[in-house]
Amino acid sequence: MSVLVFGKTGQVATELQRHPEVLALGRDAADLSDPEACAAAIRAHRPKAVINAAAYTAVDRAESEEAQAFRVNAEAPAAMARACAALGVPFVTISTDYVFDGAGTEPFAPDAPTGPLGAYGRSKLAGEEAVRAAGGAQAILRTSWVFSAHGANFVKTMLRLSETRDTLNVVADQIGGPTPARAIAEACLTIAAHLGRDPGASGTYHFAGAPDTSWADFAREIFARAGRTTTVNSIPTAEYPTPARRPQNSRLDCRTTEAVFGIARPDWRQALTQTLTELDIPT
C-alpha cells in the first residue's frame, strides 16, 4: 500500500479502490467524527500519500447539524493535514463549489473570493483554511456535481424518478460542470504523485466536467442517452425551495489544474454513457 484514502463507500472513494496501491479506511477504521483517530491512522500506516475522499455531504441537514458538519469537514481534514505535514507525506483533500456564493456568470478561479451560502459550504471552507494552515505538501481540489454508478447522485435519482414519472420539474438557473467520480479519483492520484515529486505545487485547484450545463439540461441528456421518455420542465430555483441555499453559478475555472498537472476537464457526456453502461442501462 502506498496511498491511504479516508472514505470507503462514497463515490470517489469507491473509484479510488480500483487501484491496487490504495488502502481505503471506512468509518469503522477511522471515523471522521474523531479527528485524532484519523491522524493516528496516518501515523500508523505511514503511507506515501493521503487522500481525503470522505465528508459530511448532507447539504440540507447541515443547516441543523452544523457542529457535526464542521467536525467532519473541517476538524478531521485539519488533523490529517497536520499529521501528513509532520511525516512529510503529500495530502490531497476534496472540496466543493459551495465555498462560493454563486454570484455572476463567470467561472470561479481558485483565488476568487469565497462566500458560502450555508452551513455545508462554511464547514468545507473552514476545512480548506485549516489544511492550508497545516503546511506541508498539500492540495485542495474543489469539484462539483459529482456522479457515478455508485452511491446517491443526480444521475441515479433522475433514472429512478423516470421509472414512475412522465414529467419532472428540474431547476434550470443553476449552472455547473457535472463531474465523473472516476475522473476525480484519477485526478487525486495524479496530484498526490506530483506533490511527492514537487511539493512546491501545493495549492488550491479546481476540477469539473465540461461543458457547463444546467440541472435541467443535464437531466434531459440523461433521459436521452438512457432512452427514457420523461419530459423535463425547466423551473427557477425559487420554485424548488430547500433548507440550504444552492449556488446558482457553480462554474469552476480549471485552467490552473491543467497547466500544473496536465489534467484536462473530462467530458461528462462520455462519462455519462459509461455510467449508464455500468448500471446495465442500454444507450
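Just so you know, all these numbers are worked out from the coordinates, no wet-lab data involved. In this text, all values refer to a predicted model and were calculated from it rather than measured experimentally. We place every Cβ from the backbone using ideal geometry, glycine too, and count neighbours over all the protein chains shown.
In region 145-283, the DSSP beta bridges split such that about 15 percent are antiparallel, to the nearest 5. Packing order of peptides 235-244, 46-55, highest average first: 46-55, 235-244 (average count of other Cβ atoms within 10 Å over each peptide's residues).
With neighbours defined as other Cβ atoms within 10 Å of a residue's Cβ, the residues I94, I175 order from fewest to most as I175, I94.
Rounded to the nearest 20 debye, the dipole size of the chain about its Cα centre is 480 debye, using +1 on the Cβ of Lys and Arg and -1 on the Cβ of Asp and Glu. Taking A69, A133, A81 in turn, the Gaussian network model of the chain (Cα-Cα springs below 10 Å) assigns the largest fluctuation to A133.
Placing dummy labels 7 Å off each Cα toward the beta-carbon, the span from E239 to E163 is 2.7 nm.
Taking every DSSP helix (H) stretch of at least 4 residues in the chain, weighting each as -39,500 (n - 2.57) and dividing the sum by the residue count yields a mean residue ellipticity at 222 nm of -11000 deg cm²/dmol. Most tightly packed first, judged by the mean number of other beta-carbon atoms within 10 Å of their residues, the peptides 216-222, 34-40 read 216-222, 34-40. Checking every one of the trypsin sites (Lys or Arg not before Pro) in region 1-41 against DSSP loop status and a limit of 15 other Cβ atoms within 10 Å picks out R18, R27.
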